[in-house]
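Bear in mind that the values in this text are calculations on the coordinates, not laboratory data. What you are looking at is a predicted structure, and each value in this text was computed from that prediction instead of being measured. Here the Cβ is made from the backbone with ideal geometry for all residues, glycine too, and neighbour counts use every protein chain on show.
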Amino acid sequence: MKNIFKSEKQLIVDKAAVSNIMSALKEYFLQDGYDYMEEEQENEAVLISVTKGGMFHKILGMQSALKILLTPSGDGILFHAGIGFWEQQKTATIVNLFITWVVVATQVWGIVQQAHLDDKALEIAERAVQEYKDLQNNTQYEYCPKCGRKVAKGTICPKCKIVVK
């Protein structure tokens, strides 16, 4: 896989929060029409594979892929996410000889649309970490009356910038 975009961050949280992060990522990507798969790795790490693209994209060798690796380390969880494309060299080369510019333009648009998917995955993981910490501290939540986003009671909604009481 060729990585085009990648995000890395040390999430400072109890290692037990891995399941919260995995649940949040799974919910988001399945709702958005992605295929989602989890695989346990050595040292309690979890590899998450998120793919989108039908048979046509597979044949062209241009199926988009997001790989997320959650690794317990030190005082938290190390988050790695990378977006790239699975390459099927022989098939892709032959088929690409017969491809028109329309298909290439479509593929480029797909790259542009998914450019921030790794950042979105990191945002979801950070939100899951905060929810985990809040549950540990018994923080109460309310829903923003304007956008419906779940935020800690008495804080400012990050989207609407209004205080949620």
Which of the lysines could be linked to Lys67 by a straight reach, that is with a Cα gap under 30 Å, when you skip same-chain ones fewer than 8 residues away?
Lys2, Lys6, Lys9, Lys15, Lys26, Lys52, Lys58, Lys90, Lys120, Lys133, Lys150, Lys159
When Glu131, Glu8 are ordered from fewest to most other Cβ atoms inside 10 Å of their Cβ, what list results?
Glu8, Glu131
Hey, can you rank 25-37, 134-146 by average C-beta count inside 10 Å, highest first?
25-37, 134-146
